[in-house]
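Values in this text are rule-based calculations from the coordinates and carry no lab data. This is a predicted model, so every value here is computed, not measured. Here the Cβ is made from the backbone with ideal geometry for all residues, glycine too, and neighbour counts use every protein chain on show.
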Amino acid sequence: MTKLEPPSDDLMREQRLQRNLKIVVALLGLLIFVGLGAVAFRMISLANRPAGSAAPPRIVSDGVRGSNVSFELPRGAKIVSIALSGNRLAVQHDGPAGPGITILDAETGHHVLELKPTEALPHN
């Protein structure tokens with residue numbers, strides 16, 4: 001090939017392909033950096049949020065925030081401890097009939113589960 005001859009079709013096709021591949025690689029690199037930036041922004045925004053603001057306050061019982069929810073314990077039972085997990089409330093109580101744990105739905109006050117320990121028989 002001399003300097004006066006036009007480039008061949010194969011050479012032009014190869015140059016066009018290389019140019020297109022460079023554009024695709026540049027766009028994919030840009031997309032990676034935008035994605036990493038979005039992840040970093042989300043992590044920083046979550047880290048700077050106050051501890052109690054992760055979830056909105058729940059509306060309980062009759063639709064009024066902070067309303068009272070009541071539940072029944074066995075007669076003469078005294079509450080030993082209370083634990084909350086999500087919308088479940090575990091109440092450990094001790095009474096004349098023995099100890100027990102009552103699991104309640106904190107939003108409605110309905111019994112979910114009543115746990116009564118029993119004495120195991122010896123295995124011989």
What distance in nm separates the two pseudo spin-label positions at Ile82 and Ile44, each 7 Å out from Cα along the beta-carbon direction?
4.2
With 0.36 nm assigned to each residue of separation and the Cα-Cα distance removed, Leu28 to Thr108 gains 23.6 nm
What is the calculated FRET efficiency for His123 to Ala97, with r their C-beta to C-beta distance and R₀ = 25 Å, to the nearest 0.05?
0.45
